[in-house]
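Shown below is the structure under consideration.
The values are calculated or read from the model by the stated rules, or taken from the named source; none is laboratory data. Keep in mind the model is a prediction, meaning the values are calculated, not measured. All Cβ positions, glycine included, derive from the backbone under ideal geometry; neighbour counts span all protein chains shown. Please note that ligands, DNA and RNA were not included when accessible areas were found on the heavy atoms of the full protein model with its side chains. Shrake-Rupley method; radii C 1.70, N 1.55, O 1.52, S 1.80 Å.
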Amino acid sequence: MGNVHLYPMPVGNDKQGTSQEQLFSNTAYQIWPGLKSNAACKVVVRAYILRAYNLHPGDISGLSDPYVEIVLGKSIRISDSKNYVPKTLNPVFGRDGYNRWRDSEKPSKILHKLCLLHSLKHPIYTTNSVTIGLKTFHVHEENIESDRQSLALYVLNHWQDMPVVGYHLVPEYVETRTLYNPDMPNLHQGTLEMWVDMFSRDSNIPEMVDIKPPIVELYELRVIIWSVTDVKLVDSNFFTKEKHSDIYIKGWLPGVEKRSTDVHYRSLNGEGLFNWRLKFSFPYNKTENIIVYRKKNYFGFDHEEQQFSPKLNLEIWDNDQLSPDLYIGSLTLNLRNMPRGAKSSWMSNLSEMSRINLFKVKKTSGWWPFISTENNKNTIVGKVNAEIQIMTKQEADKSPAGFGRDGPQPLTVPKRPSTHYLKAIMDPFKFVFRSLFSANRTKFLVILLIVFVVLFFLIMIYAIPGNLIRILFDKFFKKN
């Protein structure tokens, strides 16, 4: 087995044999009209360097300040040292967006033709899987969208897993190359995502692909906690042993300060009313689907970049006055691939819910369960009725909303059971003052006046015997 390449014979400059060479060349072109010349030509080379992974640390901090340098032969050296990426082992130099597809056919059409080629059944697409015959490809990666083209591309990239007819396909344009150091040729120094384009200068050269890193946009997430139900009761009355919980909820996004609702005291049936809005502002990279924070290092020279998945974390807690608060359960929602909220509390099973991308639907509401894991077993310990909305900073500025129940767009105060008796424990002095003075001001003043009058007469009675003795004593000595 081998490869045979045919090229037309180049026409020489000498006069002898010129006619034969031209005849052979013309005949070759007639037989093979698509035959290309192997004559030397000038080309345009474009190298697209996207990003690197797992680079070898170059600083004592365990990180590096990587940049790109391209060398061609001994005469061409291009260095981009001015645009180094500080303090990272996974630098991003540019990016060919995930939604940028440059093939003439869409991934779903390529997959369809591949199935026809191997006499396989047509692909069947669901929310997060593709079924071809008896083989089902389950998509679990966070950066994979649930649309048909993204699912088809996932199958093409994993075609080697297809029984019998599976094999590794050449991936789309971006290549992954291993980096080496000449001083340590057997040690991998990381991987590089890139590709190279070559065009003849005599041909129509297409425009360059824009791989500039996308601009990070500011977003605002608003979460309204309306109520909770079926919350696990973790406290008990010291005297009556009655079970109850003092419920509140914490919420946060990665890299964002935690926020909390107020406390619903003395829930005896696992229900709690809040009407409380939590707000979170965060910078988001739509292309990579990640939250990106850039902060200066201790010396204030370079910026360190932190990346997080856009996941909303909610926790339900029991408030205690004299001891640490008790954790009850948690709920984590990936905003790009989150379960749609159930219409009622008795349907809040995550495995049965359809999935949505909050960045596309913008707003959703419903019931979600809080989960507690004990002995590797998940247990539902409560359910929350919430409204979740995401918007850009510009949209948030046009429709502002306050935190908690404050305005703009204020929320009503929920009607909770009275907790007047708890104030004697949390603030006894204020409780006594309000109970005895504010609620019974007139009676309190009358009683206070009577007390003063009684004290006055008691002081007089106590002082009269002494005064009488002194008067009698003075009169006796004056007579003598």
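Pop out the ³J(HN,Hα) list for region 327-344 in order, Karplus 6.51 cos²θ - 1.76 cosθ + 1.60 with θ = phi - 60°, rounded to Hz; leave Gly and Pro as x.
Taking θ as phi minus 60°, the curve returns 6, 10, x, 9, 9, 10, 10, 7, 4, 8, 8, 10, x, 5, x, 6, 6, 9 Hz for region 327-344.
Among the listed pairs LYS113/LYS212; LYS232/LYS343; LYS82/LYS286; LYS135/LYS311; LYS258/LYS311, which are separated by more than 24 Å between their Cα atoms?
LYS113/LYS212; LYS82/LYS286; LYS135/LYS311
For region 113-246, what class follows from the C-alpha gyration tensor (a ≥ b ≥ c being the square roots of its eigenvalues): rounded when a/c is under 1.5, otherwise prolate if a/b is larger than b/c, else oblate?
In terms of gyration-tensor shape, prolate.
Taking a probe of 1.4 angstrom, what is the accessible area of SER365 in Å², to the nearest 10?
Its accessible surface works out to 70 Å², give or take rounding.
Between SER399 and ASP202, what FRET efficiency comes out of the Förster formula 1/(1 + (r/R0)^6) with R0 = 60 Å and r the beta carbon distance, rounded to 0.05?
0.60
For region 309-314, just list the computed ³J(HN,Hα) in residue order, Karplus coefficients 6.51, -1.76 and 1.60, θ = phi - 60°, integers in Hz, with x standing in for Gly and Pro.
6, x, 10, 8, 10, 10
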